[in-house]
Amino acid sequence: IQVEYLTKLARGGSKVVLVLTGGSPIALGELEDLMEAIVYVWYPGQEGGNAVADLLFGDENPSGKLPVTFVKSDDQLPAFEDYNMKGRTYRYLEEEPMYPFGFGLSYSQSAFSDAKADMTGGSVSFTCTVSNTGDKPMIETVQLYASSPDAGYPNPLWELKEFKNVSLKPGESQKVDFVLPAGSFTLINEEGEAYRQSGSWKLYAGPCSPGKRGVELGAAEGVQAAVTL
């Protein structure tokens, strides 16, 4: 009944914000296209109502990021009894998700630039610049992902290595530095053995996991740099 009511409102021209509670990804179907915005509040607790009100009325700027991937439908997932990781989580999902891992919008807008990666001893340093191009203070979660183009399955397409929360005033830019030790570039072979993958690695920094879907939804486009081990 609630879904039918929301659909009727949205198709009637009303701008509807869906406040959604839950503890896991939810298949939203056509609601995703009908809603003006969706605020996923998980299980917010005693002060949840006040917190949601602060966000909806603009007293606070949302900065949350999804810790899971929202697929478009169950059809994108392997069978429940299949324990293979292929097609599961942002690390192995090749199809376009509904909402990518790490995704989350705010009332401002970030921009990424000046990516650079270097070998420093046995570690890899990565730097980029993140800017607040909007008119409200914001907290952006700069997420650093790594990928080995030569590794192939069963290794991840991309894997989150580190993240940093950066507070930015309107118009402000900050340089963000990461240092990844050699262990960050260790993969697991089909025998379950860990090994260091040599060759080229791609490093990506952005406001959510790599892919065009996040940009289509309004997130900033991330930046990449390559390094050879």
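The values are calculated or read from the model by the stated rules, or taken from the named source; none is laboratory data. Because the structure is predicted, anything quoted here is derived from the model rather than measured. Note that each Cβ is placed from the backbone with ideal geometry, even for glycine, and that neighbours are counted across all protein chains shown. These accessible areas exclude ligands, DNA and RNA; they are computed on the full protein's heavy atoms, side chains included. Shrake-Rupley method; radii C 1.70, N 1.55, O 1.52, S 1.80 Å.
Please report the net charge: other residues with Cβ closer than 15 Å to the Cβ of Ser123, K and R +1, D and E -1. Here the charged neighbours net out to 0. Taking mean projected area of the Cα convex hull in nm² straight from the coordinates, which label in (i) 13.0; (ii) 13.8; (iii) 14.8 is the correct one? Only one listed value fits the structure, namely (iii). Taking 7 Å steps out from each Cα toward its Cβ at Ser113 and Thr21 produces label points 4.4 nm apart. For the chain, a Gaussian network of Cα nodes joined below 10 Å ranks Phe80, Phe126, Phe185 by mean-square fluctuation, and the top entry is Phe80.
Pairs Lys161/Lys202; Lys65/Lys164; Lys72/Lys161; Lys8/Lys65; Lys116/Lys175: which are spaced more than 21 Å apart, C-alpha to C-alpha? The pairs that break the limit, which is 21 Å between Cα atoms, are Lys72/Lys161; Lys8/Lys65. Converting phi to 3J(HN,Hα) with the Karplus coefficients 6.51, -1.76 and 1.60 and the offset θ = phi - 60°, region 175-189 yields 7, 10, 10, 10, 10, 9, x, 4, x, 5, 10, 9, 10, 10, 7 Hz in sequence order, with x at every glycine or proline. Annotation: per residue accessible area for region 171-216 equals 51 Å², rounded to a whole number [probe 1.4 Å, protein chains only]. Entry comment: accessible area of region 71-152 is 50 Å² per residue, from protein heavy atoms only and a probe of 1.4 Å. Show that you can apply the helix-only estimate: for the chain, add -39,500 (n - 2.57) for every DSSP H stretch of four or more residues, divide by all residues, and state [θ] at 222 nm to the nearest 500. Value at 222 nm, helices only, nearest 500: -3500 deg cm²/dmol. Legend: calculated FRET efficiency, Glu4 to Val41, from the Cβ-Cβ distance at R0 = 22 Å, rounded to 0.05, equals 0.50. Of the trypsin sites (Lys or Arg not before Pro) found in region 35-108, none is in coil by DSSP with at most 10 other Cβ atoms within 10 Å of its Cβ. The C-alpha atoms of region 101-221 occupy a region whose extents along the principal axes are 51, 31, 17 Å, arranged from largest to smallest.
Projecting the Cα positions of Pro207, Gly22, Leu34 onto the charge dipole of the chain (unit charges on Cβ atoms of Lys, Arg, Asp and Glu, taken about the Cα centre) puts Pro207 furthest along the positive direction.
Each residue of region 11-20 is assigned a 3J(HN,Hα), and the resulting list reads 6, x, x, 6, 8, 10, 9, 8, 9, 10 Hz, derived from the Karplus form 6.51 cos²θ - 1.76 cosθ + 1.60 (θ = phi - 60°), x at Gly and Pro. For Tyr40, the residues whose amide H sits under 5 Å from its own are Leu20, ignoring neighbours fewer than 5 places away on the same chain, with H placed 1.01 Å from N. Rolling a 1.4 angstrom probe over the chain with all protein chains present gives an accessible area of which 51% lies on carbon and sulfur atoms.
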